[in-house]
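First the structure, in the form of structure tokens, and then the observations on it.
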Amino acid sequence: MIDSHCHLTDERIDAKATAKQMKSDGLNALVTIGYDMPTSRSCVEIATTYPDIYATVGVHPSDVGGMTDADLDELKKLCSHKKVVAVGEIGLDYHYDDTDREKQKYWLCRQLELVQDVGLPAVFHLRDAYEDMLEIIVANRNKLVKGGVMHCFSGSVETAKKYLDMGFYISLSGTVTFKNAKKTAEVAKIVPEDRLLAETDCPYLAPEPYRGQLNVPRYVRHTIQRLAELRGKEFWYVEKITERNTKDLFFRMK
């Protein structure tokens, strides 16, 4: 299995112990995701230390408040590391009332310029900002020469299809196992098998039967199992295609 999106820099997660037990947990690889400058640096350090862990670097929309041009320059340097597989997570998040939407949009566009400069795919975070996100992605589609993934996708089938039509991947997390996640379950059924990824987003969003507890990379098994059930496939088959797709998107993993 591959967990295509986890946060090993979180203080609740022991990166060393996670790496040590990967094989016994059935994990072939992990991608640890940066969401601000400190975690981006730390993700590269973790990926450098452990052979089957890869990294992304970028600044999450909720963390762009103090972002500077110097940060972009540093991110560009970090992207030169051979185990940095994508820019992300970047995007828009309008969930909170005090969100500075214009600042989020500005730094998303600037980080899309970085994506173009470094020739890597992008990992997108999207919450409660569907119209603005789509408008920005469409306007900047030429910068995304290596594509991208809509991580922990929570939108509708109609929204998913718009991103699929542009060649993006859709990644589903433990939320697909939730009994009330009917919309996500419908998305899981329609994503083409060559565009589907699985993730935990650990330490957040633990799947059933661990909902509400600390999430860890090995729980990606439950996401894959639920995807297999929804798609009428065997576990091993969905495990295989999600691993292949992750390596196709994050081509440096090959």
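No value in this document is a laboratory result; all are computed from the given coordinates. Here the structure is a predicted model, which means the values were calculated and not measured. Here the Cβ positions follow ideal geometry from the backbone for every residue, glycine too, while neighbour counts run over all protein chains shown.
A few points about this structure:
- Qualifying residues in region 17-59 (those that are polar (S, T, N, Q) and crowded, with 23+ Cβ neighbours inside 10 Å) - the one farthest from residue 90 (Cα to Cα): 18
- Test result for residue 123, within 15 Å of the chain's Cα centre (by Cα) and without any contact (Cβ under 8 Å) to a residue 40 or more places away in the chain: no
- Residue 72 being over 21 Å from residue 163 (Cα atoms), of a type outside the set (D, E, K, R) and touching a Ser or Thr at 6+ places or on another chain (Cβ under 7 Å): no
- Check on residue 205, farther than 20 Å from residue 53 by Cα, part of a helix (DSSP H, G or I) and either among the β-branched types (Val, Ile, Thr) or free of Cβ contacts under 8 Å to residues at least 60 places away in the same chain (or both): no
- You will find that of 242, 159, the residue that is within 29 Å of residue 11 (Cβ to Cβ) and hydroxyl-bearing (Ser, Thr, Tyr) is 242 and no other.
Yes/no per residue for (1) surrounded by fewer than 21 Cβ atoms within 10 Å (Cβ to Cβ); (2) in contact with an Asp or Glu (Cβ under 9 Å, 6 or more places away or on another chain); (3) not in a loop (DSSP other than H, G, I, E, B):
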| position | (1), (2), (3) |
| --- | --- |
| 131 | yes, no, yes |
| 135 | yes, no, yes |
| 145 | yes, no, no |
| 153 | no, no, no |
| 171 | no, yes, yes |
| 180 | yes, no, no |
| 192 | yes, no, no |
| 197 | no, no, yes |
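- Residue pairs whose Cβ atoms lie under 8 Å apart, separated by 6 or more positions or on different chains, with the first residue in region 16-41 and among the aromatic types (Phe, Trp, Tyr) and the second in a strand (DSSP E or B), are 35/89.
- So residue 235, is it in contact (Cβ under 8 Å) with a residue 24 or more places away in the chain and not charged (D, E, K, R): no
- For region 176-202, filtering for residues that are without any contact (Cβ under 8 Å) to a residue 60 or more places away in the chain, among the acidic types (Asp, Glu) and closer than 21 Å to residue 240 by Cβ leaves 2.
- Within region 81-106, being in a loop (DSSP other than H, G, I, E, B), in contact with a helix residue (DSSP H, G or I) (Cβ under 7 Å, 6 or more places away or on another chain) and without any contact (Cβ under 8 Å) to a residue 40 or more places away in the chain holds for 81, 94.
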